[in-house]
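The values are calculated or read from the model by the stated rules, or taken from the named source; none is laboratory data. Values in this document were obtained by computation on a predicted structure and should not be read as measured data. Note that each Cβ is placed from the backbone with ideal geometry, even for glycine, and that neighbours are counted across all protein chains shown.
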Amino acid sequence: MLKVQMLMRDDMIAPWRPHLEAALAEAGLDAELATDHAPEVVDYVIYAPGGGAADLSGYTNTKAVLGLWAGVESIIANETLTQPYARMVDEGLTEGMVEWVTGHVLRHHLGLDAHITRDAPEWRQTAPPLARQRKVAILGLGELGAACAMALTRLNFVVAGWSRSPKSLPGVACFHGDAGLDRVLSEAEIVVLLLPSTPETENTLNARRLALMPVGAVVLNPGRGALIDDEALLAALDSGRLGHATLDTFRVEPLPRDHPFWSHPNVTVTPHIASETRPETASRVVAANIRRVEAGEPLLHQVDKARGY
Ligand code: NAP
């Protein structure tokens, strides 16, 4: 019988256990799911620790560590991880991100704030442009970025995307490399950041690149806080170059109460809720990966530690 350890935040155990048990059984796996297996007997670790990294050094016979989160910067920094690590790619997580990004793009595209937050009667008939006249850029064309790009394309937005390696997505103008990023930013009225946090992506939106964007452009950051130079962003908002920033991720989370983002009139803060892994769908991904390794097939969604994502 396979020994599967739930190395997870305490409050996640109860909601996840029934879904994991059902998915393991559905995959035909004879597995004992627990939180207190002795580390050296564990075949697979399901990993989502609270409060930072967990010590994996005792898991000497573990065939794979299966993460429940999409982001990997903290596990990559965990020096006790010597086992293969698979990050989470989950249809529920992707669906949630597509909905968050689409909703916030539409908010800015339609200028909803002008009507929702007005404080006096006003009859100013300025209709918004059509989506086919609005340029949106998605930085990062991985699982989440590509799904968001495709959803926005289906709504007729003019979508450009940027990634590390060359990509081809139907209806999306794809760019890569430094020159590609400058080109994408110089035209984008709404920019969505869905890059991972790595040494290369830190401060992707710095003062120079923010200055390339059209006046009044909007930034959405459901990716990671470190992708943006906070000071440069605030300066660009204060000068009026940027119209708005809707931020879901921050360098320090929870965002400190005295951080200027909270009170800035042109910043919307959402508390890292753009999307999350859903136990119903993600448990099947975990079980499928265990089944694959047991059958001698390669692990899906394995993280390349050297590449950083
Ligand atoms: P992914 O599949 O690994 O995709 C990452 C994308 O970023 C790829 O297109 C990759 O390019 C590109 N990229 C990486 N390094 C780059 C660089 N130096 N220059 C240009 N492009 C680069 O990741 P994902 O599943 O889409 O997730 C993206 C991020 O979303 C996660 O890392 C996490 O930080 C964030 N996230 C946030 C939430 C939330 O609730 N706020 C939830 C889930 C995830 P290639 O295609 O060439 O490899």
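Here are a few things to note about the model shown:
- Verdict on Val303 being assigned by TED's automatic domain parsing to the domain that holds Gly28 and either surrounded by fewer than 16 Cβ atoms within 10 Å (Cβ to Cβ) or in contact (Cβ under 8 Å) with a residue 24 or more places away in the chain (or both): no
- Matching residues in segment 79-112 - criterion: being basic (Lys, Arg) and either over 30 Å from Arg124 (Cα atoms) or touching a Phe, Trp or Tyr at 6+ places or on another chain (Cβ under 6 Å) (or both): Arg87
- When Ala211 is tested against the conditions (1) within 30 Å of Ala77 (Cα to Cα); (2) surrounded by fewer than 22 Cβ atoms within 10 Å (Cβ to Cβ); (3) not acidic (Asp, Glu), the lone failure is (1).
- Only one of Ala287, Ala274, Ala245 that is aliphatic (A, V, I, L, M) and in a strand (DSSP E or B): Ala245
- Among residues of segment 169-204, those that are over 22 Å from His104 (Cβ atoms), small (Gly, Ala, Ser) and within 11 Å of the ligand (Cβ to nearest atom), counted: 2
- Pairs, first more than 14 Å from the ligand (Cβ to nearest atom) in segment 68-96, second not in a loop (DSSP other than H, G, I, E, B), C-beta under 7 Å, six or more apart: Leu81/Val65; Leu81/Ile75; Gln83/Ala64; Gln83/Val65; Pro84/Ala64; Pro84/Gln302
- Unique residue being within 16 Å of the ligand (Cβ to nearest atom) and under 27 Å from Leu81 (Cα atoms) when the list is Ser275, Ser283: Ser275
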